[in-house]
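Shown next, in structure tokens, is the structure this report addresses.
The values are calculated or read from the model by the stated rules, or taken from the named source; none is laboratory data. Just so it is clear, the structure is predicted and the values come from calculations on it, not from any experiment. Every residue, glycine among them, receives a Cβ derived from its backbone with ideal geometry; neighbour counts consider all protein chains shown. For accessibility, only protein heavy atoms count, side chains too; no ligands or nucleic acids. Shrake-Rupley method; radii C 1.70, N 1.55, O 1.52, S 1.80 Å.
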Amino acid sequence: MKRFFKQVAVVEREAGFQVTLDGKPVRTPVKAAMVLPTRALAEAVAAELDLPLIGAREFPESPLYAGRLSPRFLREAQVLPIAEEAGGLVVAMADPLNGYAADAMRLVSGKELLPGVALPGEIEAAIDRLYAPGAAPGRPIEALGEEGDEGLELDVERLKDLASEAPVIRLVNQMITRAVERRASDIHIEHFENTLRVRYRIDGVLQDVEAPPSRLRAAIVSRVKIMAKLNIAERRLPQDGRIKLAIRGTPIDLRVATIPTMHGEGVVLRVLDRTGVKLDFQSLGLAGRNLETYLGILDRPHGIVLVTGPTGSGKTTTLYASLVRLNNPDKKILTVEDPIEYQLDGINQIQVKPGIGLSFANVLRSILRQDPDIIMIGEIRDVETAEIAIQAALTGHLVLSTLHTNDAAGTLTRLLDMGVEEYLLTSTLNGVTAQRLVRTLCRHCRTKEKAMPELVAQLGLDRYATPGADIHLYHPGSCEHCNGTGYFGRSGLTEVLVVSDEVRRLILKRAEAMELHRAAVREGMSTMYDDGMAKALSGLTTVEEVLRVTRDV
């Protein structure tokens, strides 16, 4: 077995699948296609060879044998000296059976090796931190460029040259790779007067990471713009682009947005992992009675189904999961999106382009002549789009869309305020799903304790527990699986409002959102708060997380 992490490919065959390492078959164990995550592969190798798994926290703060080891050798061999002990030199290796690398480390150190298994990405990040030219112990790469780079903004050609140099390319690639490995959904690059700030949004929360030198900020932004095929000379106007690349064999899409700020251009990269998204309702957190209710309104032959919530609450993903369920050979599905986040097989997806007049409303006027059965509109932004969606629903189409409101009942009043007529709304709207995302607890380190009686009474937790049983709450811990945060991944909290006869009567009276909400609860609607507290008692999340995302509803 050689080079465990150099290449892991999965080739589907008639008899099953074959895992290959460096292009050579290892075994064909089952009849199902699978992709083995890098960390899972490292754990399997460590267990098979009876070696320790070395995490990034155990890496040294200062380089060992800095004068005798070149960064190039360490990257190619994917090894990193960790510490000198009485029994020998502890070395982190991506491939513990790499005899050449082991012999070279013995020769350099003059000691026996105590090998351990580490992730390639973590080894590469440590090499860049410790062994790159000019790197000081515990500090990021500082020697990428020359002093006086602040004036680069005035020299586009010089900026393009510097952005195309290997150190800047490696720095940007490293920034993106680390974000993907840490499961970040967004990368924020922000300019301030004397600093450059880089933050990752992980499980919905922004976290500061080690930033590159501020004098390279113009080159870093230009490198991102070159990758996204944007105009690096235009710094006065916002620009949008897209980057497609592969991180360790995994295809990744990056949606890039730039905006001019006081001290330079701010950049946000939305990370879209096409293989990581799970388009099924269970993984999105929609289950039980809420799922049954949602499927009831989704399976109707015509009408409008809306998904609401703030930006980043997973509305589009829920719509994609709905389309996957509805996607049959006897149905023609057309979507109008801005932007198209994920490509779905068998579904015709249209990207709007407001710059050339291809808006939601203009596309929808033409889309009905394509004889669709189901239409998905990325977002209802104005009354014109809403009216065309209603006309499509009245003519026998099923229309799916999103809207920005705080809760399900607020969606009804929002549409009325936009100018939609009451009788049209009651005739076409099937139901509304509102959702939020909460961080889920890490299964490896979460803790459990009995809830205090005062807290049970204050939050009404006894409504979500078995009568007479003790009520326990779960809390975040800290381990290497969750990078010490206590949370790993996110799940949705939902409420599904069905437009019943009672709700229709209230709409015709233009009732307030609170009155509509109370009517829906009387008819059996489980609110996002109810859904969240039930999930908190089951150990999926914490009470604090539920209160954080539902306190405004």
Charges on Cβ only, +1 for Lys and Arg, -1 for Asp and Glu, centred on the Cα centroid of the chain; of THR250, GLY532, ALA233, which one is farthest towards the dipole's positive end?
THR250
Pull out the extension gain between GLU502 and SER478, defined as 0.36 nm times the separation in residues minus the alpha carbon to alpha carbon distance; nm, one decimal.
3.8 nm
Those residues of segment 174-197 whose amide nitrogen sits under 12 Å from the label point placed on ARG39, 7 Å along Cα→Cβ:
181-184
Assign unit charges at the C-beta atoms only (+1 for Lys and Arg, -1 for Asp and Glu), then state the dipole size of the chain relative to its Cα centre in Debye, rounded to the nearest 20.
800 debye
If I take every Cα pair under 8 Å that is 6 or more residues apart in segment 189-336, average their sequence separation and divide by the length, what percent do I get for the relative contact order?
14 percent
Accessible surface of segment 491-553 [probe 1.4 Å, protein heavy atoms]: carbon and sulfur percent:
51 percent
Please list, in order, the residues from segment 510-553 whose amide nitrogen is less than 15 Å from a point placed 7 Å along the Cα→Cβ vector of LYS448.
535-542
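Once the Cβ-Cβ distance between ASP470 and ASP299 is put in as r, and R0 is 25 Å, what FRET efficiency do you end up with, to the nearest 0.05?
Using R0 = 25 Å, I get an efficiency of 0.05.
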Out of the total accessible area of segment 268-377 (probe 1.4 Å, heavy atoms of protein only), what percent is carbon and sulfur?
49 percent
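Probe of 1.4 angstrom, ligands and nucleic acids ignored: what's the accessible area per residue over the chain, in square angstrom?
48 Å²
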Explain nothing, just compute: Karplus ³J(HN,Hα) = 6.51 cos²θ - 1.76 cosθ + 1.60, θ = phi - 60°, for every residue of segment 229-239 in order, whole Hz, x for Gly and Pro.
6, 9, 7, 6, 7, 8, 10, 8, 10, x, 9
Given H placed on each backbone N at 1.01 Å, which residues far from LEU429 in sequence or on other chains put an amide H within less than 5 Å of it?
ILE304
Would you kindly state how much longer the chain becomes between ALA56 and GLU85 on full extension, computed as 0.36 nm times their sequence separation minus their alpha carbon distance, in nm to one decimal?
8.6 nm
Quick calc: nm separation of the 7 Å Cα→Cβ label points for LYS229 and GLU76 -> 3.5 nm
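Taking N as the number of residues in segment 194-253, what is its alpha-carbon radius of gyration divided by 2.2 N^0.38 Å? Write down the numbers at each step before the final one.
Working: Rg = 13.7 Å, N = 60, 2.2 N^0.38 = 10.4 Å.
Dividing the Cα Rg of segment 194-253 by 2.2 N^0.38 Å gives 1.31.
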Amide H neighbours of ASP186 at under 5 Å, excluding residues fewer than 5 places away on the same chain, with H built from the backbone geometry, are ARG201, VAL271
Segment 326-362 residues near the modelled ASP373 label - backbone nitrogen below 17 Å, point 7 Å along Cα→Cβ:
326-335, 345-349
Judged on accessible area alone, 1.4 Å probe, highest first, VAL324, VAL432, VAL383 line up as VAL324, VAL383, VAL432
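In segment 375-483, what trypsin sites (Lys or Arg not before Pro) fall in a loop by DSSP, with at most 15 other Cβ atoms inside 10 Å? Display every interim value, and only then the final one.
Working: sites: ARG381, ARG414, ARG436, ARG439, ARG443, ARG446, LYS448, LYS450, ARG463; in loops: ARG381, ARG443, ARG446.
Those satisfying the criteria are ARG443.
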Please give me the summed charge of the neighbours of GLY241: other residues whose Cβ is under 10 Å from its Cβ, Lys and Arg +1, Asp and Glu -1.
+3
What is the set of long-range amide H partners of LEU196 at a cut-off below 5 Å, with H atoms built 1.01 Å from backbone N?
SER214
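Under 8 Å for C-alpha pairs, at least 6 residues apart: give me the relative contact order for segment 413-541, rounded to a whole percent.
36 percent.
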For the chain, longest principal axis from Cα atoms; helix 288-298 axis from its Cα atoms; angle between them, nearest 10 degrees, is 60 degrees
With axes computed from alpha carbons, what is the tilt in degrees of helix 166-181 against the longest principal axis of the chain, rounded to the nearest 10 within 0 to 90?
50 degrees
Counting other Cβ atoms within 10 Å of each Cβ, which GluC sites (Glu not before Pro) in segment 195-271 have at most 15 and sit in a DSSP loop?
GLU210, GLU234
Considering only protein heavy atoms and a 1.4 Å probe, what is the carbon-and-sulfur percentage of the accessible area of segment 55-132?
52 percent
Could you give the distance between the Cα centres of segment 475-500 and segment 387-454, to the whole Å?
19 Å
Checked against a 26 Å limit on the C-alpha separation, the offending pairs among LYS332/LYS353; LYS244/LYS315; LYS331/LYS535; LYS229/LYS315; LYS332/LYS535 are LYS331/LYS535; LYS229/LYS315; LYS332/LYS535
With an 8 Å Cα cut-off and a minimum separation of 6 or more residues, compute the relative contact order for the chain in percent.
9 percent
Expected output is a single nm value to one decimal: the length gained when fully extending between ILE243 and VAL456, i.e. 0.36 nm times separation in residues minus the C-alpha distance. What is it?
71.8 nm
